[in-house]
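Read the structure below first, then the notes.
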Amino acid sequence: MKFLSAMLISVLSLWFAESAVAQSWTYNNPKYRGDSLDWCLTWGTNCGKPAADTFCNRNRYSNASVFSAQVPGQLRTTRLIGTNQVCTGTFCAAFAHITCENPIPSSRIFANPVWKEFRLDVCAQWGANCGKPAADAFCRSKGYSDSLHAQADAQPGYASTRVIGTDQICNGSFCTGFQQIICQ
């Protein structure tokens with residue numbers, strides 16, 4: 001009987017250990033749109049944790065638990081995840097690694113979100129209140145309080161979009177939709 005109890009405890013311990021591992025993921029030398037991920041979310045501000053958390057949100061995790069920067073002083077090109085700006089020079093800092101934890105449930109993730117049969121436009125009103133205000137309105141329409149993360153298309157003109165606040169349809173080459181919205 002002791003043998004069976006010990007074996008059951010061992011099996012359960014391995015199962016729980018595997019479950020814990022699945023709750024986090026480490027990205028070594030993380031990239032954003034093909035470049036090394038810059039240490040800052042926006043140019044010279046919101047550095048470290050804000051940029052790491054945004055990277056984790058983009059990869060469908062709630063937050064960053066551990067992260068570090070590469071050794072400064074080397075010539076490198078980095079990309080800021082908050083503004084999509086590129087930094088080139090010896091002063092550009094990149095992440096060496098980021099460990100993301102707490103996977104976001106798929107029910108809160110909307111890839112290429114649609115509003116009334118069209119891709120959701122990034123603006124809540126025509127050409128105004130773009131980004132988070134439009135994502136927040138979309139999340140509220142789905143029963144959530146607001147958006148945790150929203151990522152716009154890299155380039156405009158991918159498809160026609162609909163503006164959530166006015167129901168206007170955008171058909172131009174300048175129309176931009178969301179790639180992903182994560183609600184909270």
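Some points to look at:
- Scanning region 19-54 for residues that are among the hydrophobic types (A, V, I, L, M, F, W, C) and at pLDDT 95 or above gives W25, L37, W39, C40, L41, W43, C47, A51, A52.
- Boolean, N84 is in contact (Cβ under 8 Å) with a residue 24 or more places away in the chain, of a type outside the set (S, T, Y) and closer than 21 Å to S24 by Cα: no
- Scoring N28 on the criteria (1) touching a His at 6+ places or on another chain (Cβ under 6 Å); (2) more than 21 Å from Q151 (Cα to Cα); (3) surrounded by 13 or more Cβ atoms within 10 Å (Cβ to Cβ) leaves a single failure, condition (3).
- Filtering region 52-83 to residues that are of a type in the set (S, T, N, Q), part of a strand (DSSP E or B) and more than 23 Å from K132 (Cβ to Cβ) leaves S65, S68, T77, T78.
- Test: residue in region 54-65 that is farther than 20 Å from W25 by Cβ and among the polar types (S, T, N, Q): no
- Residue match in region 172-181 (condition: surrounded by 14 or more Cβ atoms within 10 Å (Cβ to Cβ), more than 19 Å from Y32 (Cβ to Cβ) and not aliphatic (A, V, I, L, M)): yes
- Comparison of S107, S68 shows that the only residue that is under 26 Å from D146 (Cα atoms) and more than 14 Å from the chain's Cα centre (by Cα) is S107.
- Residues satisfying the criterion are absent from region 90-101 (criterion: part of a helix (DSSP H, G or I) and modelled with pLDDT under 95).
The values are calculated or read from the model by the stated rules, or taken from the named source; none is laboratory data. Values in this document were obtained by computation on a predicted structure and should not be read as measured data. Cβ coordinates were reconstructed from backbone atoms using ideal geometry, including for glycine residues, and neighbour counts include every protein chain displayed.
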